[in-house]
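Read-outs: derived from the displayed coordinates by stated rules, not from any lab. Everything quoted here is computed from the prediction, not taken from an experiment. Here the Cβ is made from the backbone with ideal geometry for all residues, glycine too, and neighbour counts use every protein chain on show.
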Amino acid sequence: MKKAYLLLADGTLFEGTAVGYEGQSIGEVVFNTGMAGYQEVLTDPSYFGQVVTMTYPLVGNYGINFDDYESRKSWVSGFIMREMCEYPSNWRCKVTLDEYLKAQKVVGLAGIDTRRLTRKLRGEGVMNGVIYTEGFEPDEQTIA
């Protein structure tokens with residue numbers, strides 16, 4: 001698996017695994033505390049330009065279906081989770097979360113301590129960040 005990173009504007013670096021589209025994506029890093037509804041979060045226009053962190057530890061377990069979109073495309077700049085389910089189990093599933101993120105060109109990150117990240121954002125407020133996969137390292141001016 002390819003490595004991926006989240007670099008926050010204050011210099012904090014998280015290392016995890018790349019999911020979804022490979023590259024880099026910049027945005028305001030926020031969190032969502034829902035236990036379900038990741039498909040709705042991804043397609044909700046109110047998340048435009050934001051890197052969304054899901055606080056629930058397992059995301060992708062019911063896949064993506066073609067009925068529960070908030071809109072027809074993903075609006076997030078990036079998507080972060082503790083663990084991504086690679087083999088969803090739901091009769092409505094049409095594609096996996098990973099396949100959807102790739103199709104929508106959303107850079108994702110899994111395998112980081114989302115509790116630590118959420119506590120940081122709660123305590124210090126939202127901040128800009130960049131998610132990038134190995135080979136797409138940002139320069140110092142990227143998120144300043």
- Task: Select, from 92, 115, 119, 72, the only residue that is in contact (Cβ under 8 Å) with a residue 24 or more places away in the chain and in a helix (DSSP H, G or I).
- Result: 115
- Message: Name the single residue that is surrounded by the most Cβ atoms within 10 Å (Cβ to Cβ) among those in region 3-54 being more than 13 Å from residue 137 (Cα to Cα) and of a type in the set (D, E, K, R).
- Response: 44
- Task: Could you grab me the full set of residues in region 1-24 that are within 15 Å of residue 127 (Cβ to Cβ) and outside any loop (DSSP other than H, G, I, E, B)?
- Result: 6, 7, 8, 13, 14
- Restricting the search to region 95-112, which residues are among the hydrophobic types (A, V, I, L, M, F, W, C), surrounded by 17 or more Cβ atoms within 10 Å (Cβ to Cβ) and not in a helix (DSSP H, G or I)? 106, 107, 109, 110, 112
- Task: Pick out the one residue from 67, 98 that is of a type in the set (D, E, K, R), within 21 Å of residue 2 (Cβ to Cβ) and out of contact with any Leu (no Cβ under 8 Å at 6 or more places or on another chain).
- Result: 98
